[in-house]
Ligand code: NDP
C-alpha cells in the first residue's frame, strides 16, 4: 500500500493562522511581536529565504525589519548592529541569515545574539535548554519535524527513531526533541556502519543528509514513518532518471518541470520509499514549509517569554508534546 503523504504545506498553513490569531491579540494588548532579519551582502539564495521570512511575518501580523549591511561589513560593525537589536525592546527575534561573508567571524556574531531573542535556536544557551528539557527557543526545522508528527497523530513515545545526520542545525536538535518526546533515538552519520540495517530499525526515520534520494527502500521498515528534511537541487538528467525513471507516469508533473526549468528539488529519500513507508513527507511540500512557520512561532514565543515572563526559564519540557501546545 502506498504511504500516506504528510502534507507540510497544510500543517504550516494551520500553524500560521493560529499564530496570526495570537499576534492579533498580542498587538491589541500593545505587545506586537517584532522580528529583525540581518542579511549581509548579496547571496541570491539568502535573499530568497529572507524575502520569504519577511513576507510570512507580514502575513501573520508580526512587525519585521530588514538590515542589509554591505558584503564589506566587518565583524565589529555586525556586532554593533546585533548589540543595537539586543537593546531594542520592540525587537523580540533576531535572525542573522547564514552564510556570512568568509572574512566575518560568524561564531562571534551568533554568540552575540541575546539568547532570549535567538529565534533560530542556535545559541549554546538555547542548545543547553533543549538538552536539559527547559523552555527555550528550539531550531525551526527540527521543531517543524515534531509538529508534523504530532499533528499527524503519529506517536513518538516508546518508538524507535533513527535520525540520519548530526548537524547542529537539524540532526542533533531533531534527535534531542525526539528523545525529549520519549522515543528511543539513534543518531547516524557518515561513519555509521551498515546504515541501511540501522535505519530499518526505525519506526520513525528522519533523513537530514543533503544527498538526493540516498534513502532507498532497503533502508525502510515496512510501515515506518519517514520524514525527509533534505533539499537537493537535481539538474543532471541521469540523476533524474535514477530517482524518477521507474515511475515516470506518477511523476509526470515533476518531469514537465524538470524539462522546463532544467532542475527539480528533491529530498534525501528516494521516491520508491513511498511503496514501503507507512507515512512520508514529500519534497517539496513537507518539512520545508514548516521551517518558516516555526520561525513565526519562535518570534511569538520569544515575545511572550521576554515581555510577559510566561514560559520563561523555569522548569518544563520542550518536545515532550507539540511545541505549540506549550503556549
Ligand atoms: P550538513 O551537511 O550540515 O549535515 C549532513 C549530515 O549528514 C552530517 O552529519 C553527515 O555526517 C551526514 N551524512 C552525509 N553523508 C552521509 C552518508 N553517506 N551516510 C550517512 N550520513 C551522511 O547538512 P544539514 O543538516 O544542514 O542539512 C541536511 C539536509 O537538510 C540538506 O539537504 C539541507 O538542504 C536540508 N535542510 C532543509 C531545511 C528545510 O527547511 N527543509 C533546513 C535545513 C536543512 P558527518 O557528520 O559524519 O559528516
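Can you tell me the 0 to 90 degree angle between the C-alpha axis of helix 44-60 and the longest principal axis of the chain, rounded to 10? Here the helix axis deviates by roughly 70 degrees.
In this simple spin-label approximation, residue 235 and residue 107 carry label points 7 Å from Cα along the Cα→Cβ vector, and these lie 3.3 nm apart. How far is helix 252-261 tilted, in degrees, relative to the longest principal axis of the Cα atoms in the chain, given as a value from 0 to 90 rounded to the nearest 10? Approximately 60 degrees, to the nearest 10. Computed over the chain with a Gaussian network model linking Cα atoms closer than 10 Å, the most mobile of 298, 86, 76 is 76. Axis of helix 75-87 versus longest Cα principal axis of the chain: the two differ by about 70°, to the nearest ten degrees. Can you tell me how the stretch 64-147 classifies by the Cα gyration tensor, rounded, prolate or oblate, using a/c under 1.5 as the rounded cut? Since a/c reaches 1.5 and a/b is larger than b/c, the shape of the stretch 64-147 is classed as prolate. Spin-label model, residue 25/residue 1: points 7 Å from Cα along the beta carbon direction are separated by 3.8 nm. Distance from the alpha carbon centroid of the stretch 159-199 to that of the stretch 57-76 works out to 33 angstrom. Could you work out which residue, out of 16, 134, 51, moves most in a Gaussian network model of the chain, that is, has the largest mean-square fluctuation with Cα springs under 10 Å? Result for the chain, Cα springs under 10 Å: 51 fluctuates most. Judged by the ratio a/c of the largest to the smallest principal axis of the C-alpha gyration tensor, the stretch 1-69 counts as oblate, that ratio being 1.5 or greater while a/b is no larger than b/c. Oblate is the label for the stretch 165-205. Its Cα gyration tensor axes, ordered a ≥ b ≥ c, give a/c of at least 1.5 and b/c at or above a/b. Among 297, 49, 63, the largest mean-square fluctuation in a Gaussian network model of the chain (Cα springs under 10 Å) belongs to 49.
Taken together, the values in this text are just the output of simple stated rules run on the coordinates, not laboratory data. Owing to the predicted nature of the structure, the values given are computational and were not obtained by experimental measurement. For neighbour counting, all protein chains shown are included, and Cβ atoms are generated from backbone atoms with ideal geometry for every residue, glycine included.
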